[in-house]
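A short worksheet on the structure shown next.
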Amino acid sequence: HSSIFKPKINSVSSQPSTPHQPLYALAEIHNFGLYKKQIVCLQFKMIVKLATASVFVFLFHFARAAPQPQPQTLEIIGTERPRCSNTIVGEDDCIDVYAEVSHVDPSSDSGPVWGPTYSVGAHPWQDQDPGPIKKRNGDDANWVNGYPSDELGLDTTQWLRIRFILPDDYDETATDIIMRADNKGILTVNGHSLGTFSGGKRWTEGETAGLLQPGLNVILMTLIDTGGKVAFQYRILATFDGSDGGTLIEAASPTQAPSALPTFLPSSLPTLSPSALPTVSPSSLPTSSPSVLPTFLPSSLPTSSPSIQKSAKSSKSTKAPTVKSTKAPTVRST
């Protein structure tokens, strides 16, 4: 733009001087300044438009890349996915992947000590109300206990928990919970008590609405046994809208049997061979030096009664006579 106005200013200065020449030159310079300001404004507006368009393009691509909420289903069934190993307690022992047990009250000062739960097979109460809990393949689900057998832990109280994580955009549709307990159970979901039940109970949408939440969810059941057998079973079914179907928190694998196992039979005790016994050599025995022997002071001796002293004087020991040896005479040979 400067090349447009510059010749005009030069042409004015090359013409014969007239009284109006300075006014024309000033007018051209003033127009040039206004034009320059307009150019700067146009450039600024273009920059703002380009930046705005870039932001919209970024947001559009980000919105397309972000997962959109979809209908999801989270179903947790006890012992549906057992983790089996012959190194836990014995042969063919399986733990439940999702339930954990504490034999200490979580509300106590010492706090809970969470460990794995065990699959203990079928249970006589399986077909009682509210009906058997089935795996997704149609088979009956085994029952669970905090010990490797349904005959261990009788007349005790156990605290069991199941944990899972729901997405941040979780939007509940319905939640259905079935719990079985031999003999009695107390159910709590995220700190909200659902009451006490015996044998088994089912909680449907009307009773569980609003209990689950985005993020961590904890289902806690207190299992109270009064003899016979001890075990529990569960199924949790949650349908919702979210970006993913949630994450189940698995229980850790045990490294040894629980401390409340029955007493061991003598056959299970280790046997020691004679070669494994330690040998003691005479040189390794401690020797006492005279310097370490205690010295008895006369003051430490007990005082004797007069009768004892008299008898001691009368029973003085006599010395044996000394026998002098005589030399044999020396015989000189001639």
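The values are calculated or read from the model by the stated rules, or taken from the named source; none is laboratory data. Bear in mind that the values here come from a model prediction, so they are computed numbers and not experimental data. Glycine gets a Cβ as well: all are built from the backbone with ideal geometry, and neighbour counts include every protein chain shown. The accessibility values were calculated without ligands, DNA or RNA, using every heavy atom of the protein model including side chains. Shrake-Rupley method; radii C 1.70, N 1.55, O 1.52, S 1.80 Å.
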Could you calculate the FRET efficiency of Asp176 with Thr226 from 1/(1 + (r/R0)^6), where r is the beta carbon distance between them and R0 is 25 Å, rounded to 0.05? 0.35
Segment Thr239-Lys134, extension gain: residue separation times 0.36 nm, minus the distance between their alpha carbons: 36.0 nm
Accessible surface, 1.4 Å probe, highest first, among residues Thr196, Thr117, Thr188: Thr196, Thr188, Thr117
Using 7 Å Cα-to-Cβ label points, what is the Ser85/Val48 separation (nm, one decimal)? 6.6 nm
Counting only protein heavy atoms and leaving out ligands, DNA and RNA, the solvent-accessible surface of Asp140 at a 1.4 Å probe, in Å² to the nearest 10, equals 70 Å²
Which residues' amide hydrogens lie under 5 Å from the amide hydrogen of Asn142, considering only partners 5 or more residues apart or on another chain, with H built in the peptide plane? none
Assuming R0 = 56 Å, what is the FRET efficiency of Tyr35 and Gln213, from their Cβ-Cβ distance, to the nearest 0.05? 0.30
From the protein chains alone at 1.4 Å, what is the descending order of accessible area for Arg81, Arg180, Arg163, largest first? Arg81, Arg163, Arg180
Provide Rg and Dmax in Å for region 181-228, with only Cα atoms included in the calculation. 12.1, 40
With every protein chain in place, the accessible area of His103 for a 1.4 Å probe, in Å² rounded to the nearest 10, comes to 80 Å²
Take each of the peptides 95-102, 233-240, 125-132, average the number of other beta-carbon atoms within 10 Å over its residues, and list them starting from the highest. 95-102, 233-240, 125-132
Run the simple label-point estimate for Thr204 and Asp155 please: 7 Å along Cα→C-beta, distance reported in nm. 4.0 nm
For Met221, what accessible area in Å² do you get when you roll a 1.4 Å probe over the heavy atoms of the protein chains, rounding to the nearest 10? 10 Å²
If contacts are Cα pairs under 8 angstrom and at least 6 residues apart, what is the relative contact order of region 107-237 in percent? 32 percent
Which percent of the accessible area of region 114-213 is formed by carbon and sulfur heavy atoms (probe 1.4 angstrom)? 43 percent
Send over a whole-number figure in Å² for the accessible area per residue of region 185-235, probe 1.4 Å. 40 Å²
